[in-house]
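Coordinate-derived values only; no laboratory data. No experiment lies behind these values; they were computed from the predicted model shown. In this analysis, Cβ positions are derived from the backbone assuming ideal geometry, glycine residues included, and neighbour counts consider all displayed protein chains.
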Amino acid sequence: MNKLDKVVYTARAHTTGGREGGHSRTDDGRLEVNLSSPGGKGQGTNPEQLFAAGYSACFIGAMKAVASRQKVTLPQDLAIDAEVDLGPVGQAFGIAVRLNVSLPGMEAGQAQQLLDAAHQVCPYSNATRGNIDVQIRLA
């Protein structure tokens, strides 16, 4: 297990009710969401959607950090379409992730090197490595 050298930020959220009819709110009030089951009729988002949004945003941050170090200019309209699958794994449940990264105008080899380096830097990638199937594709 990797231990942090230093804590630079702690996110805090209070959640009640879980997936079905639940509610979650961060301590600073910047995020407040109703929760519902994936594919259900509830009036809210679900943990898989939140994971997709969080991972893709974090990965863009990692790409920006790597690009800055490598003196590479990223396209203004870079984007990630994230997909998070939920399904059974034996008697439990698991997730799998696909990040489809769009880097318009970047040469494919340079873009792939950037993705590979960002995957080593991204906290979500480091947290999931070896635990779930993560595919990062250049779209």
The extension gain from GLN110 to ALA13, computed as 0.36 nm times the residue separation minus the Cα-Cα distance, is 31.1 nm
In segment 65-139, what is the volume of the convex hull around the alpha carbon atoms, normalised per residue and reported in Å³?
-> 90 Å³
Search the structure for amide H atoms under 5 Å from the amide H of SER37, placed 1.01 Å from N in the peptide plane, and list their residues when 5 or more places away or on another chain.
-> GLY21, GLY42
Mean Cβ neighbour count within 10 Å, used as a protection proxy, ranking 26-35, 118-127, 10-19 highest first | 118-127, 26-35, 10-19
Choose one of GLY105, PRO47, GLN120: the residue whose Cα lies farthest towards the positive end of the charge dipole of the chain (beta-carbon charges +1 Lys, Arg; -1 Asp, Glu; about the Cα centre).
-> GLN120
Distance between Cα centroids, segment 43-64 to segment 16-36: provide it in whole Å.
-> 16 Å
Helix 47-70: inclination vs the chain longest Cα principal axis, degrees, rounded to 10, gives 20 degrees
With +1 at each Lys and Arg Cβ and -1 at each Asp and Glu Cβ, the charge dipole magnitude of the chain around its Cα centre, to the nearest 20 debye, comes out at 340 debye
Ratio of the Cα radius of gyration of the chain to 2.2 N^0.38 Å, where N counts its residues = 1.17
Compute the distance in nm between two label points, each set 7 Å from the Cα along the Cα-to-Cβ direction, one at ALA57 and one at ARG30.
-> 0.7 nm
Quick one: angle between helix 108-121 and the longest Cα principal axis of the chain, in degrees between 0 and 90, rounded to 10, please.
-> 50 degrees
